[in-house]
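The values are calculated or read from the model by the stated rules, or taken from the named source; none is laboratory data. Remember, predicted model here, so these are calculated numbers, not experimental data. All Cβ positions, glycine included, derive from the backbone under ideal geometry; neighbour counts span all protein chains shown. All accessible areas refer to the heavy atoms of the entire protein, side chains included, with ligands and DNA or RNA removed. Shrake-Rupley method; radii C 1.70, N 1.55, O 1.52, S 1.80 Å.
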Amino acid sequence: MKALQYREIGAAPEVVTVPDPEPGPGQVLLKVTAAGVCHSDIAVMEWPAEGFPYELPMTLGHEGVGTVAALGAGVTGLAEGDAVAVYGPWGCGTCAKCAEGKENYCLRAGELGLFPPGLGAPGSTAEYMLVDDARHLVPIGGLDPVATVPLTDAGLTPYHAIKRSLPKLVPGSTAVVIGTGGLGHVAIQLLRAMTAARVIALDVSEDKLALARTVGAHEAVLSDAQAAATVRELTGGVGAQAVFDCVGVEPTVKTAGAVAAVESDVTIVGIGGAGLPVGFGHLPFEVSVTAPYWGSRGELFEVIELARAGALSVHTETFSLDEAPLAYERLHAGKINGRAVILPNG
Ligand code: NAD
Ligand code: ZN
Ligand code: ZN
């Protein structure tokens, strides 16, 4: 079959032919209908050889939707042809965190050598993919695979972050989303569907700010050195009760801290590597800063339910598998508005 692989440190990903995968005991083989392209892959492909955590070559893609093509021995509860979304942060299934459905925080993944598809294990940007266990699949029924696949990460990750801050997002509150790309433009819609907060979106690109407005941001502000002052002004000097930084670089975490209200939540979702110091005098009183990873299995069911209810309209740009390297190039250049989605089987 054909697959998009990251083969060599620093090189662009390539479409290659690899052996057809076959499901072993407990595994599920999916015929991939859609694979989302996340900015984390760009970051991974910029990491140096020293300390690189995954074996190469590696088939990319940690957002996947497909139909069940074959079941390994012992798999029950699924039938050939079922349409499913893949829960990506695969854990052991039995530790205390996994027991809560928080496989993203599995206590034993490191020790057992468990990796998400596309981030260590063979990913979704291929004609077929292996899923290690049926519990990592969520049925999507008749939902559109293209609009649904970004929900497995670009939806699930901000959903998890927003859920933590729900008690603070009461009527009259403000939420700020910094970076309105794949994750950010879904975050805006989740905030509108789940809260009464006023949503202020920040981005460096006018095209992305336009999309932010289209998907429900009340205000869209250029992310520059003045942005924090503008947000303060828009909130009558109070600031935002929750800030979701979907970039995570020095200037954005600085803005995040500068727009935070007293007792607010700042969530650094982007993996730009910047930190925000917490300590007396650094931030307004009782600001809580966190940096989460992905979301739980249960939360993916909840996000899919929101999509079923018609609350989400994910903006996508589709590419064939042969065009997949172009999708990555365009994402790297900041030219994808919404999410790039690859259709490995046309
Ligand atoms: P994306 O490229 O689709 O979106 C990033 C957006 O940020 C773009 O619209 C870009 O114009 C904007 N941007 C860049 N610099 C900015 C700045 N200084 N101020 C405001 N906006 C700026 O990327 P994505 O796939 O949505 O991913 C967003 C980030 O989240 C990445 O760092 C990614 O690695 C990370 N991520 C983290 C998790 C997690 O579990 N924590 C999960 C998925 C993605
Ligand atoms: Zn991702
Ligand atoms: Zn576990």
Sort out which residues of the range 2-34 are over 15 Å from MET58 (Cα atoms), under 22 Å from the mean Cα position of the chain (by Cα) and open to solvent by 70 Å² or more (accessible area, probe 1.4 Å), and write them in order of number. LYS31
Among the residues of the range 108-117, is any open to solvent by 20 Å² or more (accessible area, probe 1.4 Å), within 30 Å of ASN337 (Cβ to Cβ), in contact with a Gly (Cβ under 8 Å, 6 or more places away or on another chain) and more than 16 Å from ligand 3 (Cβ to nearest atom)? no
Among residues of the range 26-44, those that are polar (S, T, N, Q) and farther than 20 Å from GLU55 by Cβ, counted: 1
Would you check if ARG330 is part of a helix (DSSP H, G or I), open to solvent by 50 Å² or more (accessible area, probe 1.4 Å) and either of a type in the set (Val, Ile, Thr) or under 20 Å from PRO150 (Cβ atoms) (or both)? yes
Could you check the range 195-218 and list, in sequence order, the residues that are under 17 Å from THR235 (Cα atoms), outside any loop (DSSP other than H, G, I, E, B) and within 14 Å of ligand 1 (Cβ to nearest atom)? ILE200, ALA201, LEU202
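If only one of GLY81, GLY88 is within 16 Å of ligand 1 (Cβ to nearest atom), open to solvent by less than 70 Å² (accessible area, probe 1.4 Å), touching a strand residue (DSSP E or B) at 6+ places or on another chain (Cβ under 9 Å) and not in a helix (DSSP H, G or I), which one is it?
Details: GLY81 fails: within 16 Å of ligand 1 (Cβ to nearest atom).
Testing whether each residue is within 16 Å of ligand 1 (Cβ to nearest atom), open to solvent by less than 70 Å² (accessible area, probe 1.4 Å), touching a strand residue (DSSP E or B) at 6+ places or on another chain (Cβ under 9 Å) and not in a helix (DSSP H, G or I) leaves just GLY88.
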Within the range 270-288, which residues are open to solvent by less than 40 Å² (accessible area, probe 1.4 Å) and aliphatic (A, V, I, L, M)? ALA274, LEU276, LEU283, VAL287
Check on THR267, part of a strand (DSSP E or B), in contact with a strand residue (DSSP E or B) (Cβ under 7 Å, 6 or more places away or on another chain), open to solvent by 30 Å² or more (accessible area, probe 1.4 Å) and at pLDDT 95 or above: no
Those residues of the range 157-194 which are out of contact with any strand residue (DSSP E or B) (no Cβ under 7 Å at 6 or more places or on another chain) and in a loop (DSSP other than H, G, I, E, B), in sequence order: VAL170, PRO171, GLY172, GLY181
Return the total of residues in the range 1-57 being among the polar types (S, T, N, Q), within 19 Å of THR67 (Cβ to Cβ) and within 16 Å of ligand 1 (Cβ to nearest atom). 0
